[in-house]
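Okay, so here's the structure we're looking at.
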Amino acid sequence: MTLIMTYINRHGIIHVSDSNLTSGDDRDAGQGQKAFEIKFLNAGLTTAGSYSVNGTSMDKWMPDFINQQEQIPDLKLEQFSHNLKDKLESTMNVDEKESGCIIHIAGYVEDNGVSHIEFWFVRNVHNINPASGNYQDIRDTFAITEDFWTRDYQNQNLKETLQDPKYFARHIYVNGFTPGRIGFNVLTKELDKFFLGIWKVKDWQFRAPQTLEETELLVKIYMKVVDALFVMSDYNAHYIGGNTQTILIPQPDNIVDKK
């Protein structure tokens, strides 16, 4: 399985994934690439769930898809995301779809001289059990939504918080193996309390991240703790862990409403 995260703050976007792969009989199956750059769109993506498309492993299939999309004139991140959704829906076989497929796609989109973030969520997992947190309603068809610019940015006061240099703020999207995903959410809340408490002691001269690279250090700490949980577990496979993969996309100077 997998743990994927899209981490957004005033310094930029970080796409994050673990590396471990699991076989169909719930055994360790090595490591593989799950984070992919989309350089020509100033974006990136991560993938969780099924690791093949019609028998081709994701580390081969996804770069080929991205290269094909780069040849389309005037392509935007929205159309790229819809094209990916359509291709997965038409190409994945039945067994691959039954394993579930979840894709995070995020980057900076320029419109009328200013840039904003878009986060596109592609998946054939259509629901989460409210009691257990497990994914459910896995279908043959894929859904797609844009969840940052048209939803969360407008509804969660992110316009006011994400660009404030005096406020340690971030917005996170996370998906993956249920115990790891839920554990990650608990972990970030507790570690945030720890870091904020330390940073408030001015005499100690510790501070919140001031660059995207410093933010990456925090992200890797979160992932390393989740990795340790699975090392110290009774699962048949190390479902989440291995090397942490990251893609850093710095915030451009022409970001909308930059302070």
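Taken together, the values in this text are just the output of simple stated rules run on the coordinates, not laboratory data. Here the structure is a predicted model, which means the values were calculated and not measured. Glycine also receives a Cβ, built like all others from the backbone with ideal geometry; neighbour counts cover every protein chain displayed.
A few comments on the model shown:
- The trypsin sites (Lys or Arg not before Pro) of the stretch 149-220 that meet both conditions, a loop assignment by DSSP and at most 15 other Cβ atoms within 10 Å of the site Cβ, are LYS166, LYS200, ARG207.
- Computed label-point distance, nm, for sites ALA29 and GLU70 using a 7 Å Cα→Cβ extension: 2.8 nm
- Over all other residues within a Cβ to Cβ distance under 10 Å of MET92, the charged ones net out to -3, with Lys and Arg as +1 and Asp and Glu as -1.
- Summary value for the chain: 30 percent relative contact order, contacts being C-alpha pairs under 8 angstrom separated by 6+ residues.
- Positive-pole candidate from ALA131, THR215, LEU88, dipole of the chain, charges at beta carbon: THR215
- Mean-position separation - Cα centroids, the stretch 190-214 and the stretch 19-44, in angstrom: 31 Å
- Assigned charges on the beta-carbon of Lys, Arg, Asp, Glu; the chain dipole about Cα centre (debye): 840 debye
- Using the rule -39500 (n - 2.57) for each DSSP H run of four or more residues, divided by the residues of the chain, the 222 nm mean residue ellipticity is -9500 deg cm²/dmol.
- Note on the chain: GNM, Cα springs under 10 Å; of LEU158, LEU248, LEU21, the largest mean-square fluctuation is that of LEU158.
- Mean sequence separation of contacting Cα pairs (under 8 Å, at least six apart), scaled by the length of the stretch 31-183, corresponds to a relative contact order of 20 percent.
- Flagged links, alpha-carbon separation over 22 Å, of LYS60/LYS97; LYS159/LYS202; LYS39/LYS87; LYS202/LYS224; LYS87/LYS159; LYS193/LYS224: LYS159/LYS202; LYS202/LYS224; LYS87/LYS159
- Largest first and in whole Å, the equivalent-ellipsoid semi-axes of the stretch 30-104 read 21, 14, 10, each the square root of five times a Cα gyration tensor eigenvalue.
- Neighbourhood net charge (15 Å Cβ-Cβ; Lys/Arg +1, Asp/Glu -1) for TRP120: -2
- Under 12 Å of direct C-alpha separation, and excluding same-chain neighbours fewer than eight residues apart, LYS220 reaches these aspartates and glutamates: ASP18.
- Extended-chain gain in nm, criterion 0.36 nm per residue less alpha-carbon gap, LYS193 and ARG151: 12.5 nm
- Dipole moment magnitude, nearest 20 debye, the stretch 136-259 about Cα centre, only Lys, Arg, Asp, Glu C-beta charged: 400 debye
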